[in-house]
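The values are calculated or read from the model by the stated rules, or taken from the named source; none is laboratory data. In this text, all values refer to a predicted model and were calculated from it rather than measured experimentally. All Cβ positions, glycine included, derive from the backbone under ideal geometry; neighbour counts span all protein chains shown. Each accessible area value is taken on the protein alone, full model and side chains, heavy atoms only, with ligands, DNA and RNA left out. Shrake-Rupley method; radii C 1.70, N 1.55, O 1.52, S 1.80 Å.
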Amino acid sequence: MTTTRAQHRRRTTRRTRLRRTLVATTAIVLIAGGVTAFALTRGASAPTADGTTAPTVEDTPTPTPTPKTASEQLLATTADPKACAVSFAGDGIALAPQLQTQDALYTGLPLPQADGRVFAGWYESAADAAAMTLTARVNGSDLVTCTAQEKTLHAGWTTPDANAAEDASIPILMYHQFTTKPEGEDNWLRLNYAYIGDFDAQMAYIQEGGFYLPTWDELSAFIDGKVFLPKHSVIITDDDADSTWLELAAPVVDKRNLLTTSFVITSARTEPTPNRFVLQRSHTHDMHRAGENGKGRMVNDGADTIAADLEQSATILGAKEVVAYPFGHYNDTTKEGVRKAGFELGRTIEHGYVRIGTDKLALPVIRMNYGMTVDDLKDAIG
């Protein structure tokens, strides 16, 4: 059968149109070794010369990724499976999240300030923050827990008048050595040796009584009237990091999850903390010995010498914050040296309680001696 030129042109046109349609329908572009596919929208079509319709080609837009939250961005910087991004919420709070470590104590929680208000701590929920629920207040004495590596803490606030009306008096307990003998040790330091059974009972009272355990930065801000501390608060300390403390008492505070500070003479001991509930702070590096006048070196040496000693101690311990004066000896030169070294707090052996306005470089204590029972502790701390 002879094909006319007109028929040939019509068939060629139809084949060309068909090829164009197939190419448009399956358009695949090879880009940088990868394949990018373009989908077609067939809902709208354009008429052709022979009455058929051809699909209109439209690129499907690339979806815009959902931006990561600040917590997600923070978690992306670490591969630690125990990392926890802690966010902060509450009236007037605009703080970036922090990375904390699950099953370790909180570190460096912020203490926000606001005109006309007093910060009353971080809480597990907004309702607890509004009610200032003591058992739900979170600080550096608590272990970090979170869900899916994230947690939100809520800020509580109170007024300056309410803070003053609380009239909190914070006791700092001071222990030294420990003994397994109920009758005590028979030497000239007898009073220093607390019977470990009494110590365990005292720690049980603090644990079961729900006492709040302030951190040193909270105590400092409390003295300035910037942080609210409840009357039901206590700070536990040990002097010297004696072997009996490490072997007998430190396991007790670990068992009972009680934050304690051990004041270490770093020229005598450089071992790491015995457990996660024991903070190690300075009892000086090499000033726990008598100077020329028979008193401690802290009142014999100059401020620069004191500062250098404390700097050495802080380097070993990895922290400053607070120093316990050897033998309780201190004077204005001592304070100058402490300030030069960048320490904010100094603890004495003088009897008393920490209140708003207390001298930060002359913190008093409640001395715990051999023979003191739980009832004696109740009388001392309420």
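Normalised by the number of residues in region 187-334, the mean separation of alpha-carbon contacts (under 8 Å, six or more apart) gives a relative contact order of 19 percent.
Subtracting the Cα-Cα distance of T133 and D254 from their residue separation scaled by 0.36 nm leaves 41.1 nm. If R0 equals 25 Å, the separation of the Cβ atoms of V374 and F327 corresponds to a calculated FRET efficiency of about 0.30.
Dipole size of region 175-251 about its Cα centre, with +1 on Lys/Arg Cβ and -1 on Asp/Glu Cβ: approximately 320 debye, rounded to the nearest 20.
Once the chain from D304 to E247 is taken as fully extended at 0.36 nm per residue, the excess over their C-alpha distance is 16.9 nm. Other residues within the sphere of radius under 14 Å centred on the Cβ of P364, judged by their own Cβ, net out at +2 (K and R +1, D and E -1). Spacing of the modelled spin labels on C146 and E72, each 7 Å from Cα toward Cβ, amounts to 1.5 nm. L134 exposes around 50 Å² of accessible area when a 1.4 Å probe is run over every protein chain in place.
Listed by chain and number, the lysines placed with their C-alpha closer than 29 angstrom to that of K181 are K255, K378; residues fewer than eight positions away on the same chain are left out. Give, as ranges by residue number, the residues of region 62-79 whose backbone N falls under 17 Å from the point 7 Å along Cα→Cβ of D103. Only 79 fall inside the zone, counting backbone N under 17 Å.
The simple spin-label model puts a point 7 Å past each Cα toward its Cβ; for T64 and R339 those points are separated by 5.5 nm. Here r is the Cβ-Cβ distance between E183 and A362 and R0 is 45 Å; the resulting FRET efficiency, rounded to 0.05, is 0.80. For the pair A319 and R269, what calculated FRET efficiency results from E = 1/(1 + (r/R0)^6), where r is the Cβ-Cβ distance and R0 = 25 Å, to the nearest 0.05? Computed FRET efficiency for R269 and A319: 0.95.
Would you mind checking K295/K340; K226/K360; K295/K360 for any pair whose Cα atoms are more than 18 angstrom apart?
From the list (K295/K340; K226/K360; K295/K360), the Cα-Cα distance tops 18 Å for K295/K340; K295/K360.
In a DSSP loop and with at most 10 other Cβ atoms within 10 Å, there are no chymotrypsin sites (Phe, Trp or Tyr not before Pro) in region 254-331. Calculated on the Cα set of region 184-249, radius of gyration then Dmax: 15.2, 46 Å.
Protein heavy-atom accessible surface, 1.4 Å probe, per residue over region 261-382: 44 Å².
The Cβ shell under 12 Å around G197 holds other residues with a net charge of -2, Lys and Arg each +1, Asp and Glu each -1.
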